[in-house]
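**Q** Structure in structure tokens, see below.
The values are calculated or read from the model by the stated rules, or taken from the named source; none is laboratory data. Just so it is clear, the model here is predicted, and its values are computed rather than measured. A quick note on method: Cβ atoms are made from the backbone with ideal geometry, for glycine too, and the neighbour counts reach across all protein chains shown. Just so you know, the surface numbers come from the protein's heavy atoms only, side chains and all, with ligands and any DNA or RNA stripped out. Shrake-Rupley method; radii C 1.70, N 1.55, O 1.52, S 1.80 Å.
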Amino acid sequence: MSAITRPGLAPTSMAPAPAPMAPAPATVGGPVTQVRVVRAEWTKLRALRSTWWCGLTAVVLIVGLGAAIAGSGTAYHVSAADSAAKGVSASLLGLLFAQLVIGVVGVLAFSGEYGTGMIRATLAVVPSRLPVLWAKVIVLVGLVLPVTLLCAFVDFFAATALVSSRGGSVISLTDPGVLRTVVGSSLYLTVVVIIGLALGALLRKTAAGLAVFAAVFFVIPIVVGALPQNITGFAPYLPSNAGGALWGSPLGTAHALSPWAGFAVLCGYAVVLIALAAWRLRSRDA
Amino acid sequence: MIEIDGLTKRYGDKTAVDGLSFVVEPGVVTGFLGPNGTGKSTTMRMIAGLDRPTSGTVRVNSKHYPGAAAPMAELGILLDARSVHPGLSARNNLLALARTAGIGRRRVDEVIELAGLGEVAGGRAGGFSLGMGQRLGVAAALLGRPQSVVLDEPVNGLDPDGVRWIRLLLKSLADEGRTVFVSSHLMSEMAQTATQLVVLGRGKLITEASVEDFVDHATTGGGVLVRTPETVRLGQLLAAPGITVINDGTDLLRVSGTTAEQIGIAAWRAHLPVYELTPTHASLEEAFMQVTKDSIEYHAGATR
């Protein structure tokens, strides 16, 4: 199991102690490594009820809402003007709500520790601090990416099965843009959880983190969408709209960015926010 | 060993810790004493690297703690009972910390038993009483069997049984050669627990001494109470430079500057009857108040 180290009995190059000193007491703590901190963060994330509730809610929203929309029979009847990918996007409408739940998981991963005081215990055992941030990124990606990917495929197959059973258009994964839409929805949510994490680390308060997250991903895009287009030239660059380009968000704007350019913009936001979070975590008192 | 040198922490224009320098040696329990709000917790947070000093340095076991390779083997710290996640069980709180150092479940179970939490370890920490929270915090501090242990007010919220447990625990840690640094605002508690004392007032070091010296020094001035029908003659007999004799008109003399033995011998030689001969000490709390009275930031009377 864990290595027993005796820090007092240091290796060779040190001169022997001049006076007979009591041997250093036995300790059991080994070095902090990134892998160990990841395991620690996974221990927390796995054991928190909020993770499971949010995960379950997200799954229900993505798969359930998708099946419901497909079952209602409207979206998948792809008209001549629509592409197959657009029909798939419509079945992924649940993402608009699931992203809020996913954002909560991200925000809570840090704000939950600040709110409860656990952050002091966490940072006291990892005093270099940054491994904690990277570990949280890794466990959240490791949780959200596979789960949402599975959800997206289940949603796709369930929706297409429902539609074709009613004699609707048959959509295949090989149709142009369909695979990108399905996989992209999962990539989008994965970046969203990172943005939530960064907001939680920057703002430290759950309420503040959730409010900013909901404003950026839900309120502002809708408000901007309602404004005249001549003053909303920035709209395609809003995080949800930029990322929405990848999976064809039904809330998408006119003049949307191309799918991968939009996704790159979304990733840009995440990188900048995580960098700010890292800087704040390093430099500020815990 | 914990070495603190010129440590200063300012929050805006308020100085919480002001040029603090002292050394906490291994092998003994060192008490960190001071009224509330004098910078004890801030100092301990700086030891753990949670707060960055405005200036000055802290070295834990001769190392800069935030750069330590194996932090949990170097330092275990209890900052307050609410440094746990209430949504996690006690065991998972401990396990999450232990994982960072590759410490396994066996050691986690060991500290759970050590802290007397065996019955409740699976329950959510949010449902814990303050005393159980303290026990959990102490368990966390001991996970890595660290060379240095820093505990901020560990007896807060503990029942008498818990207080006794902490005292024995601290002594045994010190006996193993570990550095044990424990804060309190109660002098009487420290007198029973610690061997060395670091006394803080308004963020500044007031004194660094053994508990014995501190108590001796601080409680002299208590003097000796002498009950005798011959107050005037005995008073004259004892009068000497450095000795004060106060008679408040009854048969009681309050003598300071000499000992009960000296008074007894003098009275016996002069054939003066003595009914009572009582050495008195200022209580420890009085002594502590005396030492820190100029440094208490908020006098109770000043709040209106």
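**Q** Taking the conditions exactly as written (touching a strand residue (DSSP E or B) at 6+ places or on another chain (Cβ under 8 Å) and open to solvent by less than 10 Å² (accessible area, probe 1.4 Å)), does B:LEU151 satisfy them or not?
**A** Taking the combined requirement at face value, the residue satisfies it.
**Q** Of the conditions (1) more than 22 Å from the chain's Cα centre (by Cα); (2) within 7 Å of chain A (Cβ to nearest Cβ), B:LYS14 satisfies every one except a single condition; which number is it?
**A** (2)
**Q** Which is in contact (Cβ under 8 Å) with a residue 24 or more places away in the chain and at positive phi, of B:GLY49, B:GLY19?
**A** Unique residue meeting the criteria: B:GLY19.
**Q** Of B:LEU197, B:LEU158, B:LEU173, B:LEU205, which residue is touching a helix residue (DSSP H, G or I) at 6+ places or on another chain (Cβ under 7 Å), crowded, with 17+ Cβ neighbours inside 10 Å and not in a loop (DSSP other than H, G, I, E, B)?
**A** The unique qualifying residue is B:LEU197.
**Q** Given the criterion closer than 23 Å to B:ILE4 by Cα and modelled with pLDDT under 95, identify the matching residue among B:SER148, B:SER184.
**A** None of the other options fit; the residue is B:SER184.
**Q** Identify, from the list B:VAL226, B:VAL245, the residue that is among the β-branched types (Val, Ile, Thr), buried (at least 24 other Cβ atoms within 10 Å of the Cβ) and over 21 Å from the mean Cα position of the chain (by Cα).
**A** When all the criteria are applied, what remains is B:VAL226.
**Q** If you take just the helices (runs of 4 or more DSSP H) that sit entirely in the range A:27-118, which of them hold at least 2 residues that are buried (at least 23 other Cβ atoms within 10 Å of the Cβ), at pLDDT 90 or above and within 14 Å of chain B (Cβ to nearest Cβ)?
**A** It comes to A:34-47, A:95-116.
**Q** Also: Looking at A:GLY168, A:GLY196, can you tell me which residue is of a type outside the set (A, V, I, L, M, F, W, C) and modelled with pLDDT under 90?
**A** Step by step, each of A:GLY168, A:GLY196 is checked, and only A:GLY168 is of a type outside the set (A, V, I, L, M, F, W, C) and modelled with pLDDT under 90.
**Q** Looking only at the range B:12-55, how many residues end up being under 28 Å from A:PRO25 (Cα atoms) and of a type outside the set (D, E, K, R)?
**A** Here the count works out to 22.
**Q** Are there any pairs with C-beta distances below 8 angstrom linking a residue in the range A:54-73 that is within 19 Å of A:TRP247 (Cα to Cα) to a residue that is β-branched (Val, Ile, Thr) and open to solvent by 50 Å² or more (accessible area, probe 1.4 Å), with the two at least 6 apart or on different chains, and if so which?
**A** A:ALA58/A:VAL147; A:VAL59/A:VAL147; A:VAL63/A:VAL154
**Q** For the range A:205-244, which residues satisfy the criterion of being open to solvent by less than 20 Å² (accessible area, probe 1.4 Å) and among the small types (Gly, Ala, Ser)?
**A** Matches in the range A:205-244: A:GLY209, A:ALA235, A:SER240, A:ALA242, A:GLY243, A:GLY244.
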